[in-house]
Structure formats: C-alpha cells, structure tokens
Amino acid sequence: MAIDFRKEINIDTIQNALTDSRGISLQVLRLDQLHPVVSGNKWFKLKYNLEAAKASGAKGVLTFGGAYSNHLIATAAAAAAAGLSSVGIVRGLHGKEKLTPTLQSCREYGMHLHFISRAEYGLKEDLVFLEKMKAQFRDCFFIPEGGDNDLGRKGTAEIAGLIPVDITHVAVAIGSGATFAGLRNGLSDEIALLGITAMKDGAYMKEELSSVILQEKANWTLFADYHFGGFAKYTPELVAFMNTFYKNHSIPLDMVYNAKMMWGVFDLMQQDYFPPGSKVMCIHSGGLQGNASIQAQLCYNSIF
Ligand SMILES: *Cc1c(COP(=O)(O)O)cnc(C)c1O
C-alpha cells in the first residue's frame, strides 16, 4: 500500500482530578495520528477490502456514505494510494448542487460521486438494487457502508494487537459497529469492551453486534445515551468539553464520535463505573475532518 503510515502509534496518558480521585489510569490510543485523511479505524476497515479488490482484478472500489462520511473520504484517499479508482454512492440528491467539504475532498482524490435519493439509498443492502449497481459499475469491488463486512472486521481485530495486555477496559465509539466487533473478536476476554453509540437509539446495535461477534466472546457493553441528540448532533456543552479537553490534554477530538465517547468515559468515571485500579484505554478513532462545520467554535484546528 502506497500510503505512508506512522510505524509507532502513540499512547497518551490523561491525568486529572477525576482520574486521580477514582484511582484510574486513563490512556488514549492515538489512531487519529495514523494518517490525516484515512484516519483511525477507517484504515483498518479498508486494508483487507482493498487487498481483496486488487486480488479480484477490479479496477476500482465502490462504497456508500452520506455527504459528511469519514468512510467515503477515507476510501477515496486509500483507493487512490493503492492505485485503484473509486466510486462513492452518496445518500440524498440534495448534496449534488453544493458539495460538502467532505465530498469536495473525495472528488479531489478522484472519487466519482453518484448521488441517489434517500429512499434508494435505503436499499443499499438489497440484492436486486446491488445487482443493478453492479451492472452499472462493472469494474468495481463493492465495499458496504462503513466498511462493515468480514474483511473490515478482520482489519479492526488487529487494533487489539496495539493494546497493552494489562489494560482492564477498552472504550470505543460505535457507528456501523465494525470496529467494535473486530476489537471484541481480537481482544482477550479478560478485557472489558465498552461501546459508545454515536447515534440516537443505538441500543438496536446489540442484536447486530451479537451476530458478528464470535459466540465465545463475552464481556462487552453498549452505552446508547451519549448521543447528544443523534448522529452528528451536538450541544454547546459538548463543544465546550472538546475545547477544555484539548486545552488540558492537547488531544483534538471529533464532534461525531470521539467527543461523545470521551464524554461517556468521563461520565462513567464520575459514576464510579470503573473500580479503583482500572486501566482504561480509549481508542481515538480519528475523524477530525468531521469538525469542519464547527471549526469556528473550536480552539484547535481540525482541517488538514
Ligand atoms: C467511522 C467512524 C467510527 C465508527 O466506526 P464503526 O466501525 O463504523 O463503528 C468511529 N470513529 C470515527 C472517527 C469514524 O470515522
């Protein structure tokens, strides 16, 4: 793969009055530093999909996402680096007239954008719809929305290898759940895995995750109440938290996933969820480009 990734992945320590008072070690696995665009978990989800695309002889990859999708832009950049073309099937026809910064970047990486209505997008896993798309984009290897397939989870399972063995809890944000499921499959059972859902009513993920997490794997919990109104929704409190967190710890968080994950972990600490002596590792899954719409409210720069 032609993308040049950092070999070392930093682990930062967060120490403050809260961690001190609860006797907890809190660390952050900085996957956001892997690459400014193909950041964090997206690289792991794409890795084996791109390999499979090449092995299949496809000229390009096709995938699905919304107008602000981290997955679309990561796919566009990673495919370009791998010498593959890319097609993005974009949810909603309205985005066509005025491209979001995300879609603009996708196009700069050479992604062909194909807009479909929200209703049609809802069929993205329907076999008849997919056959139609396959006929239209014959040379493409199809990757589902969010990179959420067996190959994606095989990649995210490798994140487990970056986590020190003495960690007691791992916390990660959930979108499609591919990162969470891969991590659960890759981590030892003794480590508790906590997933904070980024969208409203995320509890439905429990069933979906059960079907892709290995049956013998237990010790995982979903937290569905830290969504701040829904996917990509935020409040002034969340933005203030992001700014304070940056000032105190020099770590930039994205508004869609990691700010909510970190808020959740702080709230759980406050509630004495973690026994004293716990060693908690938060996965920073990247996604800073998702801050573009609130950049003016942030004290740090998220645009690369
Ligand atoms: C896509 C994304 C997630 C969600 O990952 P899933 O594997 O879809 O659950 C989390 N954080 C960031 C920054 C993302 O871009």
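A few points about this structure:
- Packing-based order for 281-287, 181-187, using average beta carbon neighbours within 10 Å, highest first: 281-287, 181-187
- Theoretical gain in end-to-end length, ASN10 to GLU158 [0.36 nm per residue, Cα-Cα removed]: 51.7 nm
- Taking the chain as a Gaussian network of alpha-carbon nodes connected by springs under 10 Å, the highest mean-square fluctuation of the residues LEU18, LEU127, LEU209 belongs to LEU127.
- GluC sites (Glu not before Pro) restricted to DSSP loop in segment 91-163 with at most 15 other C-beta within 10 Å: GLU97, GLU125
- For segment 160-299, the calculated P(r) over all alpha carbon pairs, in 10 Å bins from 0 to the bin holding the longest distance, is 12, 42, 35, 10, 0 percent.
- The Kirkwood hydrodynamic radius of the chain, based on inverse pair distances between different Cα atoms, is 19.7 Å.
- Alpha carbon centroid spacing (whole Å) that separates segment 145-162 from segment 75-113: 22 Å
- For segment 18-43 versus segment 163-201, the inter-centroid distance based on Cα atoms is 13 Å.
- Taking the Cα atoms of segment 1-157, the ratio Rg/Rh between the radius of gyration and the Kirkwood radius comes to 1.06.
- Under the Karplus curve 6.51 cos²θ - 1.76 cosθ + 1.60, θ = phi - 60°, whole-Hz ³J(HN,Hα) for segment 31-44, x wherever Gly or Pro sits: 5, 4, 8, 4, 6, x, 10, 8, 7, x, 5, 4, 4, 5
- Debye equation applied to the C-alpha atoms of segment 110-227, log10 I(q)/I(0) at 0.14 Å⁻¹: -0.69
- Rh by Kirkwood over Cα pairs, then Stokes-Einstein D for segment 247-304 at 1.002 mPa s and 20 °C, µm²/s: 168 µm²/s
- Nearest-ten-degree value, helix 258-270 long axis tilted from longest Cα axis of the chain: 20 degrees
- If R0 is taken as 35 Å, the Cβ-Cβ distance between LYS279 and ALA52 corresponds to a FRET efficiency of 0.45.
Since every read-out is calculated from the coordinates, none of them should be taken as a lab result. Model, not experiment: these values are computed from the prediction. Glycine also receives a Cβ, built like all others from the backbone with ideal geometry; neighbour counts cover every protein chain displayed.
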